[in-house]
Amino acid sequence: MNKVVLVGCGNVGMAYAYALVNQKVYVDELVLIDINKDKCAGEALDLNHCMAYSPSKIQVRVGDYSDCHDAKIVVIAAGANQAVGETRMDLIHKNSKIFQSIISPIMESGFSGIFVVATNPLDVMTYLTLKYSGLPANRVIGSGTTLDTSRLRYILSHYLEVSPKNIEAYVIGEHGDSEFIPWSNVNIAYRKISDILSKEELDKIEEEVRNSAYEIIEKKGATAYGIGMCLVRITNAILENKKIILPVSSWDEENEVCVSTPAIVDASGVQQKIFIPLNEEEKEKLIQSMRTIQEAILSIEE
C-alpha cells in the first residue's frame, strides 16, 4: 500500500492534496496532519467527496505522527507563509523552530520512507530535515526549483509559441533570490536559445521568473497551485519509480549544502544529481547561490 502523509493543511498542502485526487496517481491512502484539527477534518471530508469523479481511488483521512511509521512519503508543507514584502529567507527562524517539533515525532514513529519538503526557505528546510531525521541523503528531497522551472518553461512557451512540454530548460541553485537560469544549456529543438532570443529578452525572462512568487503573493496572498502540481510530479516519480529528471533540492556532499540541480528521481528518492556543464559566469552564480544557503544555515546554528 502506498501511503502518503501530508503535514500542513494550508494553501500549499491542500493544493497538493487536491491535485492528487485530480490525477492518476499511485497513492492508496492520504493522511492529513495539521495543528488545526477541525480544518483538517473538514479538508478530509471535502476531498473524499471528490472520489466519485476522481481518476484515482484514494482514502483520505485525518491522522497523527504515528501514521508515518509505514508511509512511503511524508510531505511537509507546514510553516509560516511568506507575507507581502517578505523574502523566503525572512521565514527562516520561524520555520526552523516548527520543523524541530515536526521531524522528531515523525522519526519516533519508525518512519523510513522519503521526505518531500515544500516549506520555505526551501533549501534550508531541506537541510534541516536531513539533519534532524538522520535519514540517508537520497531520501530527503526538497521541491527545489521545480516550480521556478515550470514558470520558466511557461514564460518561454509564450515567447517562442511552442508547448512548454517541448522546452528543455532549468532554473538551478537556491529556490530564492539567488536562483538563476543557465542559458548556455537551454535548447529548443537543438537550437540554442541565444540564437532565438536577445540577451535583453533573456534577462527580462529571468527577472520575471525570479519575481513570479512576489507578484502572486502581492495579488492574491499566497502561491499554491503551481507548487501543488510540482509536488504531485515528485510523488509520482517516487511511487512509480519513473527515473525522471527534476530540478529538486538535495544534498551536495562536496559543498555540504542542499541545492537544486537536475536529478534523477525514482523509488529510492534522489538516485543521482546531474551537474550540467556551466560557463564561468554560471559557475560563479551557482557558487554564490550555495553560499547564500550556507550563510542562512549558519544563522540558525550560531
Original post:
Which ³J(HN,Hα) values in Hz, rounded to whole numbers, follow from the phi angles of segment 211-224 under the Karplus curve 6.51 cos²θ - 1.76 cosθ + 1.60, where θ = phi - 60° and Gly and Pro get x?
Top reply: 9, 4, 4, 4, 5, 5, 4, 5, 8, 10, x, 6, 9, 8
Original post:
Can you run phi through the Karplus equation (6.51, -1.76, 1.60; θ = phi - 60°) for segment 108-113 and list ³J(HN,Hα) in whole Hz, with x for Gly and Pro?
Top reply: 5, 6, x, 4, 9, x
Subject >> Cα gyration tensor shape of segment 98-139, rounded if a/c is under 1.5, else prolate or oblate by comparing a/b with b/c >> reply: oblate
Subject >> Rule-of-thumb Rg ratio for segment 1-158 [Cα; 2.2 N^0.38 Å; N residues] >> reply: 1.04
**OP:** Note the angle between two axes, namely the Cα long axis of helix 122-133 and the longest principal axis of the Cα atoms of the chain, as a number of degrees from 0 to 90, rounded to the nearest 10.
**Re:** 40 degrees
**OP:** Using 0.36 nm per residue of separation minus the Cα-Cα distance, give me the extension gain between S104 and E201 in nm, one decimal.
**Re:** 30.2 nm
Original post:
Which value, in debye to the nearest 20, gives the size of the charge dipole of the chain about its Cα centre, when Lys and Arg are +1 and Asp and Glu are -1 at the Cβ?
Top reply: 980 debye
Original post:
What ranking do 200-212, 141-153 get when scored by the average of other Cβ atoms within 10 Å per residue, highest first?
Top reply: 141-153, 200-212
**OP:** In whole Hz, with x marking every Gly and Pro, tabulate ³J(HN,Hα) for segment 184-193 from phi via Karplus 6.51 cos²θ - 1.76 cosθ + 1.60, θ = phi - 60°.
**Re:** 5, 10, 8, 10, 10, 6, 6, 9, 5, 5
Original post:
Hey, got a sec? Which trypsin sites (Lys or Arg not before Pro) in segment 9-86 land in a DSSP loop and have at most 15 other Cβ atoms within 10 Å?
Top reply: K24, K57
Original post:
Which entries in the list K192/K242; K192/K283; K97/K204; K24/K220; K199/K220; K94/K219 go over 26 Å, if you measure between the two C-alpha atoms of each?
Top reply: K192/K242; K97/K204; K24/K220; K199/K220
Subject >> In segment 228-302, the trypsin sites (Lys or Arg not before Pro) that fall in loop regions by DSSP, at most 13 other Cβ within 10 Å >> reply: K243
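The numbers here are math on the coordinates, done by the rules we state, and not lab data. Since the model is a prediction, treat every value here as computed from it, not as a measurement. Cβ sites come from the backbone with ideal geometry, for glycine too, and all protein chains shown count toward neighbours.
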